[in-house]
Structure formats: structure tokens, C-alpha cells
Amino acid sequence: NNDLRRELSKHGASYGVGVSDNKFVIQIVGNERDLDKIMPIIFRLCLMPKLDNKQIEAVMGSAVQSRMFEKRIPGIISSALMEYIQFGDQSRYIDRIPSKKLIFVGESGYNFLITNSDLTATIQKVTSYPVNLHYVGAKPMEEVAEILKGTVPTQKTILEPQKEFYRDRVSYTEPEIYFLPNTDIQQAEVTMYFPIGNYDNSQYVDYTAFSRYFGAGGLNNICFSEIREKRSLAYSTYGAVSMNPMNKTSWFIGSTGTQNDKVNTVVDIYMDLIKNMPKFKSYGNNIKTTVMTELAEDYVTFRGKSSYYENTVKKMGFTEDPNKTWYKQAENLTFDNIAKFYDEKIKNAPVIIVIHGNPKYIDIKDIEKKYGKVNRVPISKIFQGGEM
């Protein structure tokens, strides 16, 4: 493969590979006058790979080694805790191949789960699915199509594409509190979370406007004003609603990094903001300007337009850039939109309070008395498969 990479470099070309839950992407950049020479090299790289077992073993070894330290790093612990709260057993820190299976001791020493033949078989399977091509360049499309015939890395037999996969969010109907005690942590993390429900694209402007007002508008939002600016209680604080238009889900998540002995106060103030949000109508015009500016400046680069159209515009049901539709909606935005969104979707939601902090300095009984039963989460609950 190094030889093939050197061949690519002769033509000023390079490639990158990416993978997600629903896509395998190969991006090729190079001088298009040599496209007829570049694509056969990519074909050989993908369909006739020369995979080195030592490199594969190094990748697995690195993954196993990083897992050995994940329970000691506060940021990773907080991330794993929120993965568990949102997705339960589908958390990426739980639903994974155990380290003991990735690397195990056999009669001849260390054995590795994945070998070059396994990876080759996986590549062959991946390249058996339909391919969408995006070309950006000056060559006529007919000429490009002729070059790509027989050089796009696909198998002869093409499989039916699988249905897109999205993880299910845990459903909550009542307020709950989750506490992960950690005596080694210097800074506590307090997170408020709750699913909002179905989302459709006509609500985008209201979702965005509320977020900018509540806690995702730089320094000009009520989270920053009430928690950090007025009371100096936080190193960082935010709160926003997020949405996935592909599976039409939405949720609120807000987090505050604070000193352990300030956790109780932060919980009280943040919960009061959620349940009794101050409504400053004077913020309305600023929020409107912010949303309109963001939409106007949300520019898709020339090279990204075709993939943006296919993967975003079409999938969301639009025939043109949705920012145009949303910009027109934003022109009529008032503070009443924010207030209505809050009253309908935020005010009465069952808030899940998540705390990662040092129990020596947190009055957890007081939190339980005010907001409901506390569920203690052992660190072993949110990490699985990391032990050797």
C-alpha cells in the first residue's frame, strides 16, 4: 500500500477514508488531468489491499491501551456517563468489543481478534453496497463518467442498501437524578438533560432562537448571565436544544462545570432557570439578528455542495438550501416565539439531573429532598469491555 501511495503522490493525489454508523466515505483529492491514472490506483487500494498484520495489531493495541486509562480521566468519565444516560446499553462505552476479545493470550502468545484476512473481507463487504459519486472539477461529466467506468471500487455483485441506523434514546417520564461519586475529581460537572420529542424542520428557527436565548449564544444568554456573570459559580455553562432531522428526534442538554462545593447552588439555579425562565423581551431583536446572521453565513463550500444536497437537503425533504426557507421564517421571529417554545416544550419537561462530583463536598441528601430520588451510578456501570 505504501507503494500505491507513492504512485498517487506522483500525480499530486491523496485520499482519506471515513466511517460512521451509516456511511463509508473515500475522499480523493488530486490533479484532475491525471484522473484516469489516479482512479485505477484507488481501485487497487480498496479491492486488492495489501494489509499488514503488524499495523492492524498496533491499532488494536492502541485502542486497548486507551481503554485502560479511560476510568481515570474526568472528561471521558463525564462523556461516558452522559452516553449511558442518553442511550443506556447502546452507549459507545458499553456496546463495544471487549478488550479481552480484541487481544487474548493463546498457546503461542498474544492473539488478535482481527487479522488482515478479516479486514479484507470487511472491505469487500463494504464495497458490495451501492456507491454515490460526487465529482468536483472542470472536466465534462461525460469524460468523467467514462474514466470512472470500471475504476470505482465496487464488487460485481451489489447488495441492497441497509436501512439507516440511529440509536434509540432512553425514554424518561419522570424527573430523575443520577450521581456518579468521584473523590479524585477537582471540578464537578452538573448536566441537565431531557428528550423533547418529535422534531420537524418547520421548527428549526424556534429551536435555534430558544437555544441562543437560553444558553448557546456566546456571552449573551441567561445561563451565562445568571450562573457565571452574576454569581461566579461556573467555569463554563451552557444549555441548548439539539435535533436530528434524519430520525426526527430532539432533546435538551445543558452542562455546568463548577467547584464541588458549589454543586448544590448550581443545581438550584439551573433548575429554576428551566422551570421559571426569565423572559426578557428586550432580547428579542438581538436573538432575531443573531439567527438571521447565522443562516446567512452558513455557507457550503463549492466542493461540498453536491454531497450537502444529497445527504442533507434531499434527506430533510427540501428541494433547495433549507437556510433560504429558515431565513424567511427568521424575518418574522419575535420573542413570543421563544416564550411559546419554552412554555410548550421546556417548562414542564421531566428533567434528568446528572452529577459527576466529589461526594465529600456535595449535599446529595438536600438535592434528593428537593428534586427526587438519587440513583448512584458506579463507574463500572458506564464502562464495559475495557478490562484485560
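The values are calculated or read from the model by the stated rules, or taken from the named source; none is laboratory data. Since we're looking at a predicted model, the values are computed, not measured. Reconstructed Cβ throughout: ideal geometry from the backbone, glycine too, with neighbour counts over all protein chains shown.
Restricting region 266-282 to residues that are among the charged types (D, E, K, R) and part of a helix (DSSP H, G or I), which is nearest to residue 364 (Cα to Cα)? In this case the residue turns out to be 268.
Go through 263, 241 for me and flag whichever is hydrophobic (A, V, I, L, M, F, W, C) and assigned to a helix (DSSP H, G or I). So that I can check it myself, show each step before the final result.
Values: 241 fails: assigned to a helix (DSSP H, G or I).
Step by step, each of 263, 241 is checked, and only 263 is hydrophobic (A, V, I, L, M, F, W, C) and assigned to a helix (DSSP H, G or I).
Of all residues in region 295-350, those satisfying the criterion of being touching a helix residue (DSSP H, G or I) at 6+ places or on another chain (Cβ under 8 Å), small (Gly, Ala, Ser) and in a helix (DSSP H, G or I) are 296, 330. Can you spot a residue in region 76-91 that is buried (at least 17 other Cβ atoms within 10 Å of the Cβ), assigned to a loop (DSSP other than H, G, I, E, B) and free of Cβ contacts under 8 Å to residues at least 60 places away in the same chain? For region 76-91, residues buried (at least 17 other Cβ atoms within 10 Å of the Cβ), assigned to a loop (DSSP other than H, G, I, E, B) and free of Cβ contacts under 8 Å to residues at least 60 places away in the same chain: absent. Within region 196-213, identify whether any single residue is surrounded by 21 or more Cβ atoms within 10 Å (Cβ to Cβ) and under 25 Å from residue 367 (Cβ atoms), and answer yes or no. Within region 196-213, not a single residue is surrounded by 21 or more Cβ atoms within 10 Å (Cβ to Cβ) and under 25 Å from residue 367 (Cβ atoms).
Under 30 Å from residue 97 (Cβ atoms) and surrounded by fewer than 16 Cβ atoms within 10 Å (Cβ to Cβ): is that true of residue 350 in this structure?
Working: under 30 Å from residue 97 (Cβ atoms): no; surrounded by fewer than 16 Cβ atoms within 10 Å (Cβ to Cβ): yes.
It is false that residue 350 is under 30 Å from residue 97 (Cβ atoms) and surrounded by fewer than 16 Cβ atoms within 10 Å (Cβ to Cβ).
Can you spot a residue in region 215-226 that is touching a residue at least 60 places away in the same chain (Cβ under 8 Å) and farther than 23 Å from residue 77 by Cβ? Yes - at least one qualifying residue is present in region 215-226. For region 143-160, residues that are over 24 Å from residue 41 (Cβ atoms) and either surrounded by 10 or more Cβ atoms within 10 Å (Cβ to Cβ) or touching a Lys or Arg at 6+ places or on another chain (Cβ under 7 Å) (or both) total 1.
Table: residues versus (1) aliphatic (A, V, I, L, M); (2) at pLDDT 95 or above; (3) farther than 30 Å from residue 355 by Cα; (4) in contact with a strand residue (DSSP E or B) (Cβ under 9 Å, 6 or more places away or on another chain).
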position	(1), (2), (3), (4)
19	yes, no, yes, yes
46	no, no, yes, yes
94	yes, yes, no, no
106	no, no, yes, no
110	no, no, yes, yes
120	no, no, yes, no
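Taking region 105-142 as the range and being surrounded by 12 or more Cβ atoms within 10 Å (Cβ to Cβ) and part of a strand (DSSP E or B) as the test, the residues that pass are 111, 112.
Filtered by the rule that a residue be closer than 16 Å to residue 3 by Cα, surrounded by 13 or more Cβ atoms within 10 Å (Cβ to Cβ) and not basic (Lys, Arg), region 30-59 gives 38, 39, 40, 41, 42, 43, 45, 46, 47, 49, 51.
Out of everything in region 1-40 that is assigned to a strand (DSSP E or B) and polar (S, T, N, Q), what residue ends up being nearest to residue 164 (Cα to Cα)? Walk me through it before giving the result.
Kept after step one, since they are assigned to a strand (DSSP E or B), are these residues of region 1-40: 14-19, 24-29.
From what's left, polar (S, T, N, Q): 14, 27.
Values: 14: 29, 27: 21 Å.
Per the stated criteria, the residue is 27.
Examine region 215-237 for a residue that is more than 21 Å from residue 330 (Cβ to Cβ), surrounded by 13 or more Cβ atoms within 10 Å (Cβ to Cβ), in contact with a helix residue (DSSP H, G or I) (Cβ under 9 Å, 6 or more places away or on another chain) and among the small types (Gly, Ala, Ser), and state whether such a residue exists. Yes.
Of the listed requirements (1) farther than 30 Å from residue 71 by Cβ; (2) in a helix (DSSP H, G or I), residue 227 misses just one: (1).
Touching a His at 6+ places or on another chain (Cβ under 7 Å) and surrounded by 14 or more Cβ atoms within 10 Å (Cβ to Cβ), is that true of residue 306?
Details: touching a His at 6+ places or on another chain (Cβ under 7 Å): yes; surrounded by 14 or more Cβ atoms within 10 Å (Cβ to Cβ): yes.
Criteria met by residue 306.
Residue-wise test of (1) within 19 Å of the chain's Cα centre (by Cα); (2) over 16 Å from residue 274 (Cβ atoms); (3) of a type in the set (Gly, Ala, Ser).
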{"position": "161", "(1), (2), (3)": "no, yes, no"}
{"position": "168", "(1), (2), (3)": "yes, yes, no"}
{"position": "176", "(1), (2), (3)": "no, no, no"}
{"position": "181", "(1), (2), (3)": "no, yes, no"}
{"position": "187", "(1), (2), (3)": "no, yes, no"}
{"position": "192", "(1), (2), (3)": "yes, no, no"}
{"position": "195", "(1), (2), (3)": "yes, no, no"}
{"position": "205", "(1), (2), (3)": "no, yes, no"}
{"position": "210", "(1), (2), (3)": "no, no, no"}
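Test residue 58 against the criterion of being outside any loop (DSSP other than H, G, I, E, B), over 20 Å from residue 125 (Cβ atoms), without any contact (Cβ under 8 Å) to a residue 12 or more places away in the chain and among the small types (Gly, Ala, Ser), and give yes or no.
In short, yes.
Looking at 302, 252, which is the one that is farther than 20 Å from residue 85 by Cβ and of a type outside the set (A, V, I, L, M)? Testing whether each residue is farther than 20 Å from residue 85 by Cβ and of a type outside the set (A, V, I, L, M) leaves just 302.
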